[in-house]
1. Which ³J(HN,Hα) values, rounded to whole Hz and listed in residue order, are derived for segment 69-77 from phi using the Karplus coefficients 6.51, -1.76 and 1.60 in 6.51 cos²θ - 1.76 cosθ + 1.60 with θ = phi - 60°, glycine and proline given as x?
2. Using modelled amide H (1.01 Å from N, peptide plane; none on Pro or chain starts), what sits under 5 Å from the amide H of A153, excluding residues fewer than 5 places away?
3. With respect to the cross-link table entries K78/K154; K78/K135; K112/K137; K31/K102, which display a Cα-Cα separation exceeding 18 Å?
4. Amide H of V94 versus every other amide H placed in the peptide plane: which residues, excluding those fewer than 5 positions away on the same chain, fall under 5 Å?
5. Add +1 for every Lys or Arg and -1 for every Asp or Glu among the other residues with Cβ under 9 Å from the Cβ of R28, and state the total.
6. Can you work out ³J(HN,Hα) from phi for every residue in segment 24-33, in order, using Karplus 6.51 cos²θ - 1.76 cosθ + 1.60 and θ = phi - 60°, giving whole Hz and x for Gly and Pro?
7. Please give me the summed charge of the neighbours of V19: other residues whose Cβ is under 11 Å from its Cβ, Lys and Arg +1, Asp and Glu -1.
8. Which value at 222 nm does the chain reach when only helices count, each DSSP H run of 4 or more adding -39,500 (n - 2.57), with the total divided by all residues and rounded to the nearest 500 deg cm²/dmol?
Amino acid sequence: MNWPDSLSNLYLLGSLQSVPDSLSVCCRNLKALTLSMSRLECNPMEALKDLENLIVLRLLARSFTGTRLRCPGEYFPKLCVLKLWMLEELNELVVEKGAMCKLQELEIRQCKNLAKVAGLRPIGSLESVSLTGVKEKLANDDSLGVSRYIVNAKELIPEEESQRETDKHGRRPGFISFPQ
């Protein structure tokens, strides 16, 4: 695919087998990228690493279906905003030393299986961590490595609720639901 040289903002909606190679090669001026419903199984950070001018990265609504999102050191040197929304399988976010060194805002929404976020401590530019619809334990865990003053947590999932088994309709086995 041919991408215009002047492309600065891109929103890709729909299934992708992988991030197009041409994106990293031809879109060097890209400032904002949103992936939604992509269903990528492989870590998208690897495929996007050459987008050195990226300022905003949004991985939304099942754009990534893996369990571990890893950002190796030196990746995304200008990234200021990272938004992770509705990544249902994600249970670990790892930011290696030197990666996203200018990150100011991290927003994680409805990543219900996310149990661990590592590597935020060295990011001195981080001003805001917003957690919505994640496990209560994650929001209260010191392993986030950031000051409590910059963490905004709401609609947290209590630990006992996150451990309950549910069927495909979200009901707990052995309990009868009556229509209201």
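Just so it is clear, none of the values below were taken in a lab; they were calculated from the coordinates. Everything numeric in this text was worked out from a predicted model, so none of it was measured. So basically every Cβ, Gly included, is an ideal-geometry build from the backbone, and we count neighbours across all protein chains shown.
1. My calculation for segment 69-77 gives 9, 10, 10, x, x, 6, 6, 6, x Hz in order.
2. For A153, the qualifying residues are L131.
3. Numbers: K78/K154 28 Å; K78/K135 29 Å; K112/K137 11 Å; K31/K102 14 Å.
Over 18 Å Cα-Cα: K78/K154; K78/K135.
4. L69, R70, C71, A118
5. Details: positive: none; negative: D5, D50, E52.
Combined, the nearby Lys, Arg, Asp and Glu give -3.
6. 3J(HN,Hα) across segment 24-33, in whole Hz: 5, 7, 9, 10, 4, 8, 4, 9, 9, 9.
7. Values: positive: K49; negative: D21, E46, D50.
Here the count lands on -2.
8. On the way: 4 runs with 21 residues, N = 180.
Helix-only estimate at 222 nm: -2500 deg cm²/dmol.
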